[in-house]
Number of protein chains: 2
Amino acid sequence: MNDSRPIRAKSGTNHEGTSAHNRRVMIDALRINGALSRADLARATRLTKQTVSNIIEELERDGLVSSQEAVRKGRGQPSTPYGLVPEGAFAIGLQIDRHVTRAVAVDLVGSVLVRDESGLPPGGPSSGTRVILDLVAGVRSKLAGIVQQSEKRLVGLGAAMPGPFGVAGSGDDPWMMEAWQKFPLLETLSAGTGLDVGLQNDAAAAATAERMVGAAHGLDHAVCLFVGYGIGAGLILNGDLYRGTNGNAGEIGMALLFADGKSTPLEHRASLASLYQHLSVDPADPHLHARINDLALKGDQSIHAWVEAAAVDLRWSIHLIETLFDPQTVILCGSAPEALVSRLIAAIGPLLPSIAERRGRTLPRLQPGMADPWSVALGAAAGPISRAFDPRFAAILKDSLQS
Amino acid sequence: MNDSRPIRAKSGTNHEGTSAHNRRVMIDALRINGALSRADLARATRLTKQTVSNIIEELERDGLVSSQEAVRKGRGQPSTPYGLVPEGAFAIGLQIDRHVTRAVAVDLVGSVLVRDESGLPPGGPSSGTRVILDLVAGVRSKLAGIVQQSEKRLVGLGAAMPGPFGVAGSGDDPWMMEAWQKFPLLETLSAGTGLDVGLQNDAAAAATAERMVGAAHGLDHAVCLFVGYGIGAGLILNGDLYRGTNGNAGEIGMALLFADGKSTPLEHRASLASLYQHLSVDPADPHLHARINDLALKGDQSIHAWVEAAAVDLRWSIHLIETLFDPQTVILCGSAPEALVSRLIAAIGPLLPSIAERRGRTLPRLQPGMADPWSVALGAAAGPISRAFDPRFAAILKDSLQS
DNA sequence: GTAATAAGTCAAGACAATTGACTTAATAAG
DNA sequence: CTTATTAAGTCAATTGTCTTGACTTATTAC
């Protein structure tokens, strides 16, 4: 009678969607190219000078862009470049890791203004939530002390934690943070902060960070191979983070190394967890990061052995990523100590032959990314900023225009 | 002085982009849900009744949709459903394979109206081009004989051939159609037919076909694992075919099976090419398809051995695809004989544990797709239709609105 | 000093979605 | 059988946003 299966359709768009898109395109252009004149923007975006003028005026009113000194370049009226105003927007980024949680406040151009961290008590979410909310509140108030009106310009809170999310058979895998996985984190954070909250896995956050201020800046197709406690890939496809059906795309750590089905996942061989095991050290040791950095610098034998073994697997991972995603470049990043990452990169080369070997390449196939303990938190913060200001298909649709 | 590096920016949009998007959204909704009333469309797309009415009127004038018998469903004025008109648009699909080329004419809803094939002479593009252009011309004129005004409603020619495209080191790989790779195929086809021409690899074409009329219908995230002469994956991500930087995304056939770097690519073990080699048969034999189908049905020992071996690799490939892309489902399709594909599917199960194992799954992790020698040509034709009528980000941008 | 060039503004116009009142056509209820 | 209710769909005016073409401003080239 009433055939009640729901009708599936994509959302339409309207004038506001058009306008929202064009605003985002301007911001994106300024982010990629630096300050530009309205005439340049008009040419680059294919919009008319008039439209660009109107949008820039509006963005200036909103405090997102500002004019700079006029520049003369040949004949004609000098142009007035407009650039992004760093203080135009802020976001809080939160990294929840095994033994520690970090929070940062980041501005529109990706500068970290405030950073703070706390140890996470072993009790899981029940006790951890308090610590996290306090940390976020602290960062938020420090930000408010540095810049005025920061609360008004806060676009959201981005959280990052190790994935995968919501997987059925994960209970018996000691590498995962099971209790956190089951916890209604988004709701708790949202209720506890009153902010829009987004969640991504740590590799995705690293990719988001690289896209905003790192090696993937301005690229539309880039994959970040993130070596942390686990290992994952953050996917920038078509200029946007790709999340997959359940936000688990890129979980390369769970990829099996051999086709026979009896092998171990990549994560057990090329990750900090595997290094800690190899070295028989306690992952909870707060000085571990520095100690491993020292050891790596000194050319420690045990570390060397792990690096050589991991490099084999990473080389294969990069080959696989190139083969499946055909990106412009692969970026190796991680929360690993810097010295370790550079040893890894050295040990990985030369890369395996792949479809990425083309005549006329300009970008290197593999680039080092950030190797900074704070990069995941930065990427977590970059998430809300990207959602708010970067051009994306979803942003033109009516069902995303409530704000 | 004049800093002449080009300014990179995304294109803006305007009213026409809005309108184009909304038209596409309507068509997409009708394709996924079947005929719908204007009121239903308005609710589903979040547009107003009035807007929907205007767009539908325009689409009806353009011959893309038509009204059906009014239906009463409870109180209120009966609704008038509108459905896609199959004859609203056509496309030609062309498959270029090693020893044969196939062409089809397909309508708006993906029905194949005309099909024809020719053997490809071994001389490569120099002699093959003539054969192909004749084939296309034949299909085109047969289409014109069946439906009126077909030429006016022809949106383009889609070509599909084995990838990868434009790769540097490919010269020494006997599995590739090297001469065709180097040939300016798009230009030649475009000049020879006067049509808009698109090119994708055969796995991408298979995925496009599955999306239009097969197991991926209405899905936003699906991966087609295509077993043909080679093996590749066609990627539907965010509701659109993902091509990567150079159209080579998904070339899983080139993935190495072991991390040690000395192993063979997947293609050498799980593809029809590997089967032919295993059986020591001539790939150019025109009756091969039927013969292998017979052998598979009879439970031939040699085929069984290959199936068992290939299934191991395919099981791993599916695991890998699930791990990296997090799709709603994986579809196994191919130009392989149907009996062979069903034996493969039987031998592949059960699947390896992966992030795809979730509570609340509704779709199977692995589904059989089309196993039809014509499915690649169909997918090739579906390409231009999708580009012309499906909602996509690129379609709203000013730089895509010249047509 | 004048012409050429380019940036940017102004005001009117065009386009497409929105709004709110209205019409039409059916069923449910009394 | 009549009337109220509900839902589909239309009409006409309005709104929001980009476009158009003429104009102004500021600079360099000749």
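Working only within the range A:394-403, note down all residues that are in a helix (DSSP H, G or I) and within 16 Å of DNA strand D (Cβ to nearest atom).
Within the range A:394-403, the subset in a helix (DSSP H, G or I) is A:394-396, A:398-400.
Within the range A:394-403, A:395, A:396, A:398, A:400 meet the criteria.
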Query - Residue that is more than 14 Å from every other protein chain (Cβ to nearest Cβ), on the phi < 0 side of the Ramachandran plot and either open to solvent by 40 Å² or more (accessible area, probe 1.4 Å) or among the small types (Gly, Ala, Ser) (or both), where the choices are B:116, B:107, B:97 - result: B:116
Query - Odd one out for residue B:159 among (1) crowded, with 19+ Cβ neighbours inside 10 Å; (2) modelled with pLDDT of 95 or more; (3) assigned to a loop (DSSP other than H, G, I, E, B) - result: (3)
Query raised in the report: Residues of the range A:354-370 being over 16 Å from residue A:218 (Cβ atoms) and part of a loop (DSSP other than H, G, I, E, B), which ones?
Result: A:354, A:355, A:356, A:357, A:358, A:359, A:360, A:361, A:365
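Hey, which of the strands (runs of 3 or more DSSP E) in the range B:34-132, taking only ones fully inside, have at least 3 residues that are away from DNA strand D (no atom under 16 Å from the Cβ)?
Working: elements: B:65-67, B:81-84, B:90-96, B:100-107, B:112-119.
The qualifying strands (runs of 3 or more DSSP E) are B:90-96, B:100-107, B:112-119.
Working only within the range B:296-321, note down all residues that are assigned to a loop (DSSP other than H, G, I, E, B) and among the charged types (D, E, K, R). Even if it seems obvious, please write down each step before you answer.
Looking only at the range B:296-321, we keep the residues that are assigned to a loop (DSSP other than H, G, I, E, B), and these are B:299-300.
Within the range B:296-321, just B:300 meets the criteria.
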Report summary line: Per the filter on the range A:133-156, residues free of Cβ contacts under 8 Å to residues at least 40 places away in the same chain, in a loop (DSSP other than H, G, I, E, B) and among the charged types (D, E, K, R) are A:151, A:152
Query raised in the report: In the range B:39-65, which residues are more than 8 Å from DNA strand C (Cβ to nearest atom) and open to solvent by 50 Å² or more (accessible area, probe 1.4 Å)?
Result: B:43, B:57, B:58, B:60, B:61, B:62
**Report entry** Residues that are surrounded by fewer than 20 Cβ atoms within 10 Å (Cβ to Cβ) and near DNA strand C (Cβ under 9 Å from one of its atoms), drawn from the range A:15-33
**Finding:** A:15, A:16
Query raised in the report: If we keep just the residues of the range A:1-33 that are part of a helix (DSSP H, G or I) and among the hydroxyl-bearing types (Ser, Thr, Tyr), which is nearest to residue B:218 (Cα to Cα)?
Result: A:18
Query - Residues located in the range A:324-370, provided they are closer than 24 Å to residue A:300 by Cα and within 14 Å of another protein chain (Cβ to nearest Cβ) - result: A:347, A:348, A:349, A:350
Query raised in the report: Failed condition for residue A:357, given (1) in contact (Cβ under 8 Å) with a residue 24 or more places away in the chain; (2) surrounded by fewer than 24 Cβ atoms within 10 Å (Cβ to Cβ); (3) in contact with a helix residue (DSSP H, G or I) (Cβ under 8 Å, 6 or more places away or on another chain), with all others met?
Result: (1)
Requested in this report: Report, by residue number, each residue of the range B:232-253 that is more than 8 Å from every other protein chain (Cβ to nearest Cβ) and either in contact with a Leu (Cβ under 6 Å, 6 or more places away or on another chain) or basic (Lys, Arg) (or both).
Outcome: B:253
Report summary line: All conditions in (1) buried (at least 17 other Cβ atoms within 10 Å of the Cβ); (2) out of contact with any helix residue (DSSP H, G or I) (no Cβ under 6 Å at 6 or more places or on another chain); (3) more than 11 Å from chain B (Cβ to nearest Cβ) are true of residue A:212 except (2)
Query raised in the report: Where residues in the range A:242-253 are in contact (Cβ under 8 Å) with a residue 40 or more places away in the chain and surrounded by fewer than 24 Cβ atoms within 10 Å (Cβ to Cβ), which of them is farthest from the chain's Cα centre (by Cα)?
Result: A:246
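Would you call residue A:28 more than 11 Å from every other protein chain (Cβ to nearest Cβ) and within 29 Å of residue B:394 (Cβ to Cβ)?
Details: more than 11 Å from every other protein chain (Cβ to nearest Cβ): no; within 29 Å of residue B:394 (Cβ to Cβ): yes.
The answer is no for residue A:28.
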Query raised in the report: What do you reckon, is residue B:36 outside the structural domain of residue B:152 (by TED's automatic domain parsing), modelled with pLDDT of 95 or more and more than 8 Å from DNA strand C (Cβ to nearest atom)?
Result: yes
**Report entry** Failed item, numbered, when residue B:292 is tested on (1) within 30 Å of residue A:395 (Cβ to Cβ); (2) assigned to a helix (DSSP H, G or I)
**Finding:** (1)
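Evaluate the following for residue B:382: is it open to solvent by 50 Å² or more (accessible area, probe 1.4 Å) and either assigned to a helix (DSSP H, G or I) or of a type in the set (Lys, Arg) (or both)? Working first, answer last.
Working: open to solvent by 50 Å² or more (accessible area, probe 1.4 Å): no; either assigned to a helix (DSSP H, G or I) or of a type in the set (Lys, Arg) (or both): yes.
Judged against the criteria, residue B:382 is not a match.
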Query raised in the report: Is there a residue being open to solvent by 50 Å² or more (accessible area, probe 1.4 Å), in contact with a strand residue (DSSP E or B) (Cβ under 8 Å, 6 or more places away or on another chain) and in a helix (DSSP H, G or I) anywhere in the range A:322-332?
Result: no
Report task. Can you work out which of the residues in the range B:225-241 that are under 13 Å from the mean Cα position of the chain (by Cα) and under 13 Å from residue B:314 (Cβ atoms) is surrounded by the fewest Cβ atoms within 10 Å (Cβ to Cβ)? Result -> B:225
Query raised in the report: Is it the case that the range B:291-309 has a residue that's closer than 25 Å to residue A:266 by Cβ, modelled with pLDDT of 90 or more and surrounded by fewer than 23 Cβ atoms within 10 Å (Cβ to Cβ)?
Result: yes
Query raised in the report: Does residue B:313 satisfy being within 30 Å of residue B:357 (Cβ to Cβ) and touching a Gly at 6+ places or on another chain (Cβ under 8 Å)?
Result: no
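Table: residues versus (1) more than 20 Å from the chain's Cα centre (by Cα); (2) modelled with pLDDT of 95 or more; (3) open to solvent by 40 Å² or more (accessible area, probe 1.4 Å); (4) not small (Gly, Ala, Ser).
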{"site": "B:138", "(1), (2), (3), (4)": "yes, yes, no, no"}
{"site": "B:142", "(1), (2), (3), (4)": "yes, yes, yes, yes"}
{"site": "B:149", "(1), (2), (3), (4)": "yes, no, yes, yes"}
{"site": "B:164", "(1), (2), (3), (4)": "no, no, no, yes"}
{"site": "B:171", "(1), (2), (3), (4)": "yes, no, yes, no"}
{"site": "B:175", "(1), (2), (3), (4)": "yes, no, no, yes"}
{"site": "B:204", "(1), (2), (3), (4)": "no, yes, no, no"}
Query - Condition met for residue B:8 (under 30 Å from residue B:180 (Cβ atoms), away from DNA strand D (no atom under 13 Å from the Cβ) and either more than 8 Å from every other protein chain (Cβ to nearest Cβ) or surrounded by fewer than 19 Cβ atoms within 10 Å (Cβ to Cβ) (or both)) - result: no
Query raised in the report: Using beta carbons and a limit of 8 Å, which pairs, at least six apart or on different chains, have the first residue in the range B:73-94 and open to solvent by 40 Å² or more (accessible area, probe 1.4 Å) and the second one near DNA strand D (Cβ under 8 Å from one of its atoms) and not in a strand (DSSP E or B)?
Result: B:78/B:70; B:80/B:38; B:80/B:70
Requested in this report: Identify the residue in the range B:254-268 that is out of contact with any strand residue (DSSP E or B) (no Cβ under 7 Å at 6 or more places or on another chain) and surrounded by fewer than 21 Cβ atoms within 10 Å (Cβ to Cβ) and, among all such residues, is farthest from the other protein chains (Cβ to nearest Cβ).
Outcome: B:268
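The values are calculated or read from the model by the stated rules, or taken from the named source; none is laboratory data. From a predicted model like this one, the values you see are computed outputs, not experimental measurements. Because the Cβ atoms are built from the backbone with ideal geometry, glycine has one as well, and the counts that use them run over all protein chains shown. Just so you know, the surface numbers come from the protein's heavy atoms only, side chains and all, with ligands and any DNA or RNA stripped out. Shrake-Rupley method; radii C 1.70, N 1.55, O 1.52, S 1.80 Å.
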